[in-house]
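Peer 1: Sharing a structure below in structure tokens format, with a few things to ask.
The values are calculated or read from the model by the stated rules, or taken from the named source; none is laboratory data. As the structure is a prediction and not an experimental result, all values here were calculated from the model. Please note: Cβ atoms are built from the backbone with ideal geometry, for glycine as well, and neighbour counts cover all protein chains shown. Ligands, DNA and RNA are stripped out before the accessible areas are found, and what is left, the full protein with its side chains, is counted by its heavy atoms. Shrake-Rupley method; radii C 1.70, N 1.55, O 1.52, S 1.80 Å.
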Amino acid sequence: MGSRALLLVSSSLLPKNQFLPNFNSHRKIPQVLHRRRSFSAATTAGSSLEPLDVPRLAETARISLTPQEVEEFAPKIGQVMEWFGQLQAVDLESVEPSIRADTEGDNFRADVPETVENRNAIIAAIPNYEEPYIKVPKVLNKE
Amino acid sequence: MASTIFRSFQTHPFVFHPTTLLRRKNVLLYCTMRSEQTQTATQEKVKPQVKVSNLNPNKKLENISKDYEAVIGIETHVQLSTQTKAFCSCPYNYGSQPNTSICPICMGLPGALPILNVKVIESAVKVGLALNCKLAMNSKFDRKQYFYADLPKGYQISQFDVPIATGGYIDLDIPVEFGGGHRKFGITRVHMEEDAGKLMHSDDGSYSQVDLNRAGVPLLEIVSEPDMRNGIEAAEYAAEIQRVVRYLGVSNGNMQEGSLRCDVNVSVRPIGQLQFGTKVEIKNLNAFSAVSRAIDYEISRQVLLHSQGQDKEIVQETRLWEEGAQKTVTMRKKEGLSDYRYFPEPDLPEVFLTQDYVDGIHNSLPELPEMKRRRYEKMGLSMQDILFLANDMNVAEFFDTTIKKGADAKLAANWIMSDIAAYMKNEELSITEVKLSPQELAELIASIKDGTISGKIGKQILFELLAKGGTVKGLIEEKDLVQIVDPAEIEKMVEKVLSENPKQLDQYRGGKTKLQGYFAGQIMKLSKGKANPGLLNKILLEKLNAKS
């Protein structure tokens, strides 16, 4: 699943080494990111976020971390959040809040059925397939 | 079909559960009394029409219930009957072989991107307009994130804080047998989302099985205001939602198939208290009757706990309705609220609606059930007739066509509700499948009205028309069914029968006046059912009393 824009969210976890904060890059922030309103349930209105809780973050993302890794990641994640935190400095007084960061128009599909060509390949890629079902471990609780 | 089943439930509510007979009556009494006293802006008074039963084992509960008011809200998920899923071109057919309608998009395989189906927006706008909502001209999709085996992407594409429709209401009429009355319930919001797959647990519990045919099927979630006050109102709300989505043609609204799912939220509070009580969610409701009974049970459960001072025992939780045991039971207690980490779906653009687009849809809406009911009311039909006719869009259409051809509304309604409905039930046909056309029904009614045929003959012709089609005029001619209205001809038949039955004639003269029926029957038989009954009896009586 590709993602085109990543908005500021308190609990997103970035892959290692992909996003090193580089305060000296002077990269121009794309116009579209100037208009931001966070609607995430986790953030409070305005600028303050919950204090970083890496174990809880890992739990919600279903990623297991050793205590060492927790210690190692905490400051790195904190730095990424601070980097995004620069956006708080933008004066939004005279800006219309927008719902989304994208300004592209509609992208629709007609309601016409199409059968997929490579169903066999899809089925073959399923780790545990017991015809006709996908076999999974028993999990009682929805999160 | 489900609606006709419900209709029959409504006319015989006590048949299936005699043990709950008394409880039902009590709750009904409680309900009607409650409805009288609680005046919310959206409700009207209900006339209490239930007699207090003498045998009353639940009288204690009934007395306690008087002090409490139930507050009920319903979340309904409507599965849209589009040709393809919401975000991919996979078809959806209920009952297909598992995992045959899948693709990289609905399976959440890496790199796949969703593309919105136009019909989903169209359906959402239709429903929003039908429910008198305010439409959001700009709305968006969000990711609702959680992990579960039937959710391939690890998130559900839904709408969180900017749903496509908000702040509407729905009008309905409570069936006559439950007290009648008009109601207006608020609709908080309507939004678009996708369905998850199906998860089944193995018999020994050691593993589970997933079928992703249903993953990605478009849903509309309709959330009501907590305006309902008892099981009947809630069940009727659900039934009206079903009517509306069927009228609009956006869903087949079958609870049994899972294309209409209701989750109910119930709380109670002492009369007069403004603060809501603790809310309990009830799931696993598979029929409107279950909705009604589950709510009534839950209200009783909560009221009982309150009355025993144990209202702290009522916790915010999800309970399951057990159809067998006829009670709600705890599902696992949740530890804290779910954190779904909503954020705007980056892979889907904003949803823009133009006023032209909305107007176009608005103008294409059919006459909705509420409008039909009010129109039929103006025609002078009884509420019972109105509710029957407006319940099924096709029946209403049949009725409308019949009266357009000039038939009297009340007569047309009677034919449809009695003989035609009985035939449909016996043969398990819908009104669109019977061979009788509305034009011919109008013709039949006219023929009876102007005396061409008698009412009895009319019924016979009807049966033939339903089964084989044809025209009224044709059948009358073919079977020589024209009513005999010539007094002279009838007189001849009367005299013949009287002369052939001297013994009975003497008995009649002797005082056995009941024998008039016997003679009438014989004369009718002689006339092959064609004699006008009124004229027949008049002449018969004359002859019988004349010679004495």
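Peer 1: Can you tell me which residue is surrounded by the most Cβ atoms within 10 Å (Cβ to Cβ) among those in segment B:485-510 that are of a type outside the set (S, T, N, Q) and not in a helix (DSSP H, G or I)?
Peer 2: Here the answer is B:V485.
Peer 1: Pick out, from segment B:153-250, the strands (runs of 3 or more DSSP E) lying fully within it that include 3 or more residues that are in contact (Cβ under 8 Å) with a residue 40 or more places away in the chain and under 27 Å from the mean Cα position of the chain (by Cα).
Peer 2: B:165-173, B:182-194, B:218-224
Peer 1: Here's something else I'd like to know. For segment A:91-143, which residues satisfy the criterion of being facing chain B (nearest Cβ under 7 Å), in contact with a helix residue (DSSP H, G or I) (Cβ under 6 Å, 6 or more places away or on another chain) and open to solvent by less than 70 Å² (accessible area, probe 1.4 Å)?
Peer 2: Listed by number, the list holds a single entry, A:D111.
Peer 1: Right, something else. Could you count how many residues in segment B:424-439 are out of contact with any Lys or Arg (no Cβ under 9 Å at 6 or more places or on another chain) and crowded, with 17+ Cβ neighbours inside 10 Å?
Peer 2: 5
Peer 1: Does any residue of segment B:166-176 turn out to be crowded, with 20+ Cβ neighbours inside 10 Å, out of contact with any strand residue (DSSP E or B) (no Cβ under 9 Å at 6 or more places or on another chain) and among the charged types (D, E, K, R)?
Peer 2: no
Peer 1: Return yes or no: is A:E50 touching a Ser or Thr at 6+ places or on another chain (Cβ under 7 Å), at pLDDT below 90 and within 7 Å of chain B (Cβ to nearest Cβ)?
Peer 2: Here the answer is no, as A:E50 does not meet what is asked.
Peer 1: Filter segment B:105-124 for residues that are surrounded by fewer than 24 Cβ atoms within 10 Å (Cβ to Cβ) and more than 7 Å from chain A (Cβ to nearest Cβ) and give the result.
Peer 2: Residues satisfying the conditions are B:L109, B:P114, B:I121, B:E122.
Peer 1: Another question, if that's okay. If B:V482 meets every condition in (1) closer than 30 Å to B:N394 by Cα; (2) not in a helix (DSSP H, G or I) apart from one, which number is that one?
Peer 2: The number of the failed condition is (1).
Peer 1: Something else now. Only one of (1) surrounded by 14 or more Cβ atoms within 10 Å (Cβ to Cβ); (2) within 27 Å of B:K449 (Cβ to Cβ); (3) not acidic (D, E) is not met by B:Y357, so which one is it?
Peer 2: Evaluating B:Y357 over (1) surrounded by 14 or more Cβ atoms within 10 Å (Cβ to Cβ); (2) within 27 Å of B:K449 (Cβ to Cβ); (3) not acidic (D, E) leaves (2) as the failure.
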